[in-house]
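> Structure provided below as C-alpha cells; questions to follow.
The values are calculated or read from the model by the stated rules, or taken from the named source; none is laboratory data. Note that the structure is a prediction, hence the values are computed from the model and not measured. Ideal geometry is used to build each Cβ from the backbone, glycine not excepted, and the neighbour counts take in all protein chains shown. Side chains are part of the model used for accessible areas, which takes the heavy atoms of the whole protein and leaves out ligands, DNA and RNA. Shrake-Rupley method; radii C 1.70, N 1.55, O 1.52, S 1.80 Å.
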Amino acid sequence: GYLAKQSATGTKTDTPILETPQSISVVTKDQITEQQSQTVTEALRYTPGVSIDSYGSSVFFDWIKIRGFNAPQYLDGLRLPNDSSAFAVPRIEPYNLERLEVLKGPSSGLYGQSEPGGLINMVSKRPLWTEHYEVQGTIGSFDRKEAAFDIGGPAGNGEFAYRLVHSETSFPGT
C-alpha cells in the first residue's frame with residue numbers, strides 16, 4: 001500500500017515511524033508503480049523537502065537535494081559513491097526496490113559523515129515465502145527499452161527463501 005508504518009532508516013531498528021524522533025518519508029513500491037517512475041528521481045518528485053533536477057535532468061545521474069543540501073544515497077544502509085567527478089556512479093533502477101526512505105535532518109550519529117539535510121535509503125526487494133514469477137518488457141519514446149524479471153519463493157524444505165530481481169534499461173547512445 002501507500003502507508004508505511006515501520007522504517008529501519010531512522011533508528012536502524014524495526015521501530016514504528018510514529019515513535020521515531022526524526023522526520024521520515026517513505027515512498028512504497030505501490031506508489032512507485034502507480035507514478036510509473038523510471039528513475040529514483042522521478043519516484044521522489046512528490047516527497048516534501050526533496051528537490052530534484054536542480055542541475056537539469058540527466059540520463060546518467062540522480063541529482064537530489066534534501067532541504068537544500070546534496071542527498072547522499074544508501075542502498076540497504078550502505079553508502080553508495082555519489083561523486084559526479086567519479087568514473088562510475090551507480091544508478092539504481094526503481095524496479096529493483098521495495099521502497100525509498102527519506103530521512104530528513106542530521107543523521108551522522110547513525111550513518112557517519114553525512115549532509116545536514118538528510119539522506120535517501122533505498123531498500124532492495126526482499127525474499128518472499130510465496131512463489132512468484134514476473135517478467136516484463138517496456139518500449140518507450142526516444143528508443144527507450146527496458147526488460148525486467150522478478151522470480152522467487154521458498155527453497156529447500158521451506159527453510160530458505162530466494163529472490164532474483166534484474167532490470168536492464170537501454171537508451172540510445174549508451
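> Is the shape of the stretch 71-155 best called rounded, prolate or oblate, per the rule: a/c under 1.5 gives rounded, else a/b larger than b/c gives prolate, else oblate, with a ≥ b ≥ c the square roots of the Cα gyration tensor eigenvalues? List each step's numbers first, then the result.
Values: a/c = 2.77, a/b = 1.45, b/c = 1.91.
Oblate is the answer for the stretch 71-155, as a/c is 1.5 or above yet b/c matches or exceeds a/b.
> Shifting gears a bit: Can you work out the Karplus-derived ³J(HN,Hα) for every residue in the stretch 115-130? Use 6.51 cos²θ - 1.76 cosθ + 1.60 with θ = phi - 60°, whole Hz, and x for glycine or proline.
6, x, x, x, 8, 10, 10, 9, 9, 5, 5, 9, x, 10, 8, 10
> Mind putting together the pair-distance distribution for the stretch 87-134? All Cα pairs, 5 Å bins, whole percent per bin, short to long.
5, 16, 18, 17, 19, 12, 5, 6, 1
> Something else now. Tell me the per residue accessible area of the stretch 75-158 using a 1.4 Å probe; a whole number in Å² is fine. All intermediate terms of the calculation are to be shown ahead of the outcome.
Working: 4790 Å² over 84 residues.
Ligands and nucleic acids excluded, the figure is 57 Å² per residue.
> Using 0.36 nm times the number of residues separating residue 4 and residue 155, minus their current alpha carbon distance, what extension gain do you get? Mind showing how you got there, number by number?
Values: separation 151, 0.36 × 151 = 54.36 nm, distance 2.83 nm.
This chain segment gains 51.5 nm when fully extended.
> If you roll a 1.4 Å probe over the chain with all protein chains in place, what percent of the accessible area is carbon or sulfur? Display every interim value, and only then the final one.
Numbers: 5610 of 10150 Å².
Accessible surface attributable to carbon and sulfur in the chain totals 55 percent.
> When ranked by the protection proxy of mean other Cβ atoms within 10 Å per residue, highest first, what sequence do the peptides 29-39, 14-24 form? Kindly include the intermediate steps, with their values, before the conclusion.
Details: 29-39: 15.6, 14-24: 13.0.
Put in order of decreasing packing, that is 29-39, 14-24.
> Would you indicate which of (1) 44, 43, 30; (2) 106, 30, 23; (3) 52, 44, 27 is the value of Cα extents along the principal axes in Å derived from the coordinates of this structure?
Derived directly from the coordinates: (1).
> For the stretch 116-174, what class follows from the C-alpha gyration tensor (a ≥ b ≥ c being the square roots of its eigenvalues): rounded when a/c is under 1.5, otherwise prolate if a/b is larger than b/c, else oblate?
Cα axes put the stretch 116-174 in the oblate bin.
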